Protein chains: 2
Amino acid sequence: MFSTAKIYAVGVGPGDPELLTRKAARIIAAADVVCAPTGAVDAASYALSIVADLVDPDRQEILPQVFPMMKKGPELVAAWEEAALQVIERVERGKNVVFITIGDPLLYSTFLYLHRIIVGRRPDIPIEFVPGISSINAAAAAAGLPLGIAGDRIAILPATYEDYELRKTLKEFDTVVLMKVSRVFPRIYAVLQELGLVDRGVFVRRVGSVQQEVVHDLATLLDRELDYLSMLIVRK
Amino acid sequence: MFSTAKIYAVGVGPGDPELLTRKAARIIAAADVVCAPTGAVDAASYALSIVADLVDPDRQEILPQVFPMMKKGPELVAAWEEAALQVIERVERGKNVVFITIGDPLLYSTFLYLHRIIVGRRPDIPIEFVPGISSINAAAAAAGLPLGIAGDRIAILPATYEDYELRKTLKEFDTVVLMKVSRVFPRIYAVLQELGLVDRGVFVRRVGSVQQEVVHDLATLLDRELDYLSMLIVRK
């Protein structure tokens, strides 16, 4: 089947519509179809809210795609499969499809699951990735905290690790970025205390949104309910 | 001394003017002074070339600042000192100063050296960081290579490390980003070969520029003169 249509995986940055790149803005505005991930059928898409000024439902198909908020399971795999087929079907009809994703599309994005499926089924469909400002870069900017200078080594760890792994990484790297720290924060705090690094950590919540918060005094976080979209940057 | 002026450290992305954010574009266009780093007195500023469509020498002071291409030394420290004083002096005169930097201002940027000096001398001057697309995110996008999915761990290493450190990092992390690999490439290649990871590495040169090149067959690079602005992403 011949088609010149393609798929664009476009990062829309962490939340502030001004942190979109000019390329992302152009490609989203020109798309035939804009796929927007949501966490539930009745939930709004955060990515879509960021680009609300660029899309036009009269001219474009706005296609919310539901990805249940869970780490694994057949329901999630089925959601990826269905979303990938929806994208492929539109490309086959000659439509340019943009999948928008918070932050950067190559860094912990939902699109990467669809990507695997699409490449497996239709390796002939061209896919272009448009980078976006990741929450890591945005958090560092909000905190005014360097991620790396000169020969510094940087590690990025998602939420799952054992204490001994965290300890080791904190010893060996100059900067350690800990993603999604909300559930494991007390454990992380204890390790930082043990290593004398409590005052080297900066907590950033919902960067780029109106709820953005930068916290330097980590002790104040111990009694709080922490946001799911939170990270901790530790810089020695 | 009272002043409402401030300093903006603005990332302009890896090279393509379209990869500038809308915020960066707005702030650069509105600045009184645009400081642009160059490597030599007679050299053009790469960062300035990226934003050429936004600046206006009739309305703005375009101030090239020379940072000699060396890793350390009194000449370099003197250049940082002079540049920091030039920025402070203009803020004291009520001017909003934008320092533009390739990629992201918190990730291995020249501005971070000035930042230390400015904060040390004039902690009262407000500094706002505007994140930019880093060469790492742009390289991953150009190569279509995920930096991380789900629980993946990512390490970023600059050019200086011993073979045993590289070996260890490659074993412990899912993705390893090696910056500025040109001089040490044969050594890196040997370690990748030893670990059976040669086919897991992607080389990206001058991402976001017209000379951009993505190389999957690393063996072809062994006999080549490699570009200073090159990186290698190894994903297991």
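The values are calculated or read from the model by the stated rules, or taken from the named source; none is laboratory data. If you're wondering where the values come from, they're calculated on a predicted model, not measured in any experiment. Counting neighbours? That spans all protein chains shown, and the Cβs are built from the backbone with ideal geometry, glycine included. Areas reflect the complete protein model, heavy atoms only, side chains present, ligands, DNA and RNA absent. Shrake-Rupley method; radii C 1.70, N 1.55, O 1.52, S 1.80 Å.
Observations
- Filter result (in a loop (DSSP other than H, G, I, E, B) and either charged (D, E, K, R) or without any contact (Cβ under 8 Å) to a residue 12 or more places away in the chain (or both)) within the range A:92-136: A:93, A:95, A:104, A:122, A:123, A:124
- Within the range B:44-76, the set of residues being in a loop (DSSP other than H, G, I, E, B) and at pLDDT 90 or above comprises B:45, B:51, B:52, B:53, B:54, B:55, B:56, B:57, B:58, B:59, B:60, B:67.
- Considering the range A:137-150, and only residues there that are in contact (Cβ under 8 Å) with a residue 60 or more places away in the chain and open to solvent by less than 10 Å² (accessible area, probe 1.4 Å), the residue that is farthest from the other protein chains (Cβ to nearest Cβ) turns out to be A:139.
- Residue check, residue B:41 touching a residue at least 24 places away in the same chain (Cβ under 8 Å), under 28 Å from residue A:151 (Cα atoms) and either in a loop (DSSP other than H, G, I, E, B) or hydrophobic (A, V, I, L, M, F, W, C) (or both): yes
- Residue among A:103, A:39 that alone is closer than 28 Å to residue A:206 by Cβ, within 17 Å of the chain's Cα centre (by Cα) and modelled with pLDDT of 95 or more: A:103
- With respect to the conditions (1) away from chain B (no Cβ under 14 Å); (2) farther than 25 Å from residue B:25 by Cβ; (3) outside any strand (DSSP E or B); (4) open to solvent by 30 Å² or more (accessible area, probe 1.4 Å), residue A:80 lacks only one, and its number is (1).
- Taken together, the residues in the range B:60-75 that are touching a Pro at 6+ places or on another chain (Cβ under 7 Å) and touching a residue at least 12 places away in the same chain (Cβ under 8 Å) amount to 2.
- Any hit, the range B:110-118, residues being open to solvent by less than 10 Å² (accessible area, probe 1.4 Å), in contact with a strand residue (DSSP E or B) (Cβ under 9 Å, 6 or more places away or on another chain) and within 20 Å of residue A:139 (Cβ to Cβ): yes
- Evaluation of residue A:195 against (1) open to solvent by 70 Å² or more (accessible area, probe 1.4 Å); (2) at negative phi (one fails), failing number: (1)
- Test for residue A:170: is it within 12 Å of chain B (Cβ to nearest Cβ), farther than 30 Å from residue B:100 by Cα and either part of a helix (DSSP H, G or I) or aliphatic (A, V, I, L, M) (or both): no
- A residue that is of a type in the set (Gly, Ala, Ser), at positive phi and modelled with pLDDT of 95 or more occurs nowhere in the range B:148-171.
- Which numbered condition residue B:156 fails, given (1) within 16 Å of residue A:153 (Cβ to Cβ); (2) in a helix (DSSP H, G or I): (2)
- Residue, farthest from the chain's Cα centre (by Cα), within the range B:121-134, restricted to residues that are open to solvent by less than 40 Å² (accessible area, probe 1.4 Å) and more than 7 Å from chain A (Cβ to nearest Cβ): B:125
- Annotation: of all residues in the range A:173-192 being part of a loop (DSSP other than H, G, I, E, B) and open to solvent by less than 50 Å² (accessible area, probe 1.4 Å), the one that is nearest to the other protein chains (Cβ to nearest Cβ) is A:173.
- Pair list, Cβ < 6 Å and 6+ apart or interchain, from the range B:219-234 residues that are at pLDDT 95 or above to residues that are open to solvent by 50 Å² or more (accessible area, probe 1.4 Å) and outside any loop (DSSP other than H, G, I, E, B): B:234/B:200
- Within the range A:156-167, being under 20 Å from the mean Cα position of the chain (by Cα) and surrounded by fewer than 24 Cβ atoms within 10 Å (Cβ to Cβ) holds for A:158, A:159, A:160, A:161.
- Among (1) open to solvent by 10 Å² or more (accessible area, probe 1.4 Å); (2) in contact (Cβ under 8 Å) with a residue 40 or more places away in the chain, the one test that residue B:170 misses: (1)
- Residue count for the range A:63-95, restricted to those that are within 16 Å of residue A:9 (Cβ to Cβ) and within 17 Å of the chain's Cα centre (by Cα): 3
- Taken as a whole, the condition of being out of contact with any Asp or Glu (no Cβ under 8 Å at 6 or more places or on another chain), at negative phi and in a helix (DSSP H, G or I) does not apply to residue A:145.
- Whichever residue in the range A:1-38 is part of a loop (DSSP other than H, G, I, E, B) and surrounded by 16 or more Cβ atoms within 10 Å (Cβ to Cβ) and, among such residues, is farthest from the other protein chains (Cβ to nearest Cβ): A:32
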